[in-house]
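Data first, discussion second: the structure below is written as structure tokens.
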Amino acid sequence: MSQHLPPHPNLGHLKKQAKDVLRVGRHRNPQWRLTDAQQAVAHGYGFSTWPALKLHVEATRQQRGAALDDPRMHEDATGHDVGAVAFAAIQSRPDRSSHPIVGTWATRPSASSGDGHNALGGGDMMVEFELIDDTVTLTQIVVGPEGRQSATKTAVQADGRDHPIEFGDELVLKATWTGGRTLEMIFTHAGTLVSAWSYEVSADGRSLTVSTTDQVVFLERA
């Protein structure tokens with residue numbers, strides 16, 4: 001699923017997302033560059049290239065005109081600004097940074113990874129979890145079999161309630177902790193199941209099993 005841009009996308013915020021994705025990606029490949037992370041972020045939003053994403057954001061800004069000069073207009077009222085969500089959570093909620101899921105996880109390097117700076121390897125996955133109470137921030141990089149890298153960063157509320165999210169039209173997410181070590185994410189549309197994801201940390205805290213409706217992927221700490 002591609003992540004939707006907020007109604008009023010902010011290029012500065014997207015650049016920050018790309019830098020966060022770069023930091024995560026370099027756990028696997030230190031030679032990964034900012035341009036690689038930007039391209040992955042563009043793919044995550046459904047655009048073919050970073051310049052295409054940038055052009056869309058700039059065109060949207062021009063259409064809105066002078067109203068964007070108001071700094072308040074840069075805030076994402078729909079909850080897409082994960083930095084603002086995390087900051088608000090820090091101010092009002094107890095810290096749970098010691099949870100075993102927190103940190104960066106990656107699949108084992110695949111034989112197709114190679115030594116090039118641009119390849120993490122077909123089928124690879126990396127995910128970073130940040131957690132403040134019920135607010136879970138995920139930075140995720142997925143590489144398709146053809147080598148196409150797609151990255152997303154989003155914040156979800158793991159409170160067992162339905163929340164509209166930025167993936168797909170009118171898509172709803174219910175995120176719940178089960179058993180203390182497993183994060184369950186159920187995506188629905190108009191009450192119909194669309195996708196289900198499960199992130200389960202092993203008892204020793206060394207591995208993470210990601211289960212979806214289509215596959216199961218095993219990750220280890222990066």
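Quick notes
- Identity of the residue in the range 165-177, free of Cβ contacts under 8 Å to residues at least 24 places away in the same chain, part of a strand (DSSP E or B) and of a type outside the set (A, V, I, L, M), that ends up farthest from Pro6 (Cα to Cα): Trp177
- Within the range 170-187, not a single residue is among the acidic types (Asp, Glu) and within 18 Å of Glu128 (Cβ to Cβ).
- Residues that are more than 19 Å from Asp124 (Cβ to Cβ), more than 14 Å from the chain's Cα centre (by Cα) and not small (Gly, Ala, Ser) within the range 35-58 comprise Phe47, Thr49, Trp50, Pro51, Leu53, Lys54, Leu55, His56, Val57, Glu58, listed in sequence order.
- Here Lys16 meets each of (1) buried (at least 17 other Cβ atoms within 10 Å of the Cβ); (2) more than 15 Å from Met126 (Cα to Cα) with one exception, condition (1).
- The residue of the range 123-180 that is farthest from Asp204 (Cα to Cα), among those that are basic (Lys, Arg) and out of contact with any His (no Cβ under 9 Å at 6 or more places or on another chain), is Arg161.
- Condition check for Asp204: surrounded by fewer than 19 Cβ atoms within 10 Å (Cβ to Cβ) and touching a residue at least 24 places away in the same chain (Cβ under 8 Å): no
- Residues that are of a type outside the set (Ser, Thr, Tyr) and more than 16 Å from Phe47 (Cβ to Cβ), drawn from the range 143-156: Val143, Pro145, Glu146, Gly147, Ala155, Val156
- Those residues of the range 183-204 which are outside any strand (DSSP E or B) and touching a strand residue (DSSP E or B) at 6+ places or on another chain (Cβ under 8 Å), in sequence order: Ser202
- Filtered by the rule that a residue be under 13 Å from Leu14 (Cα atoms) and in contact with a Pro (Cβ under 7 Å, 6 or more places away or on another chain), the range 37-62 gives a lone residue, Val57.
- Filter result for the condition that a residue is among the aliphatic types (A, V, I, L, M), surrounded by 14 or more Cβ atoms within 10 Å (Cβ to Cβ), modelled with pLDDT under 90 and in contact with a strand residue (DSSP E or B) (Cβ under 8 Å, 6 or more places away or on another chain), over Leu131, Leu173, Leu138, Leu120: Leu120
- Only one of the numbered conditions (1) surrounded by 14 or more Cβ atoms within 10 Å (Cβ to Cβ); (2) over 13 Å from Ile101 (Cβ atoms) is violated by His189, and that is (1).
- Number of positions in the range 207-222 that are among the hydroxyl-bearing types (Ser, Thr, Tyr), surrounded by 13 or more Cβ atoms within 10 Å (Cβ to Cβ) and either free of Cβ contacts under 8 Å to residues at least 12 places away in the same chain or not in a strand (DSSP E or B) (or both): 1
- Condition check for Gly180: in contact with a strand residue (DSSP E or B) (Cβ under 6 Å, 6 or more places away or on another chain), under 24 Å from Thr209 (Cβ atoms) and not in a strand (DSSP E or B): no
- Residue match in the range 94-111 (condition: more than 28 Å from Thr182 (Cβ to Cβ) and modelled with pLDDT under 90): yes
The values are calculated or read from the model by the stated rules, or taken from the named source; none is laboratory data. Model, not experiment: these values are computed from the prediction. As a convention, Cβ positions derive from the backbone with ideal geometry for all residues, glycine included, and neighbour counts pool all protein chains shown.
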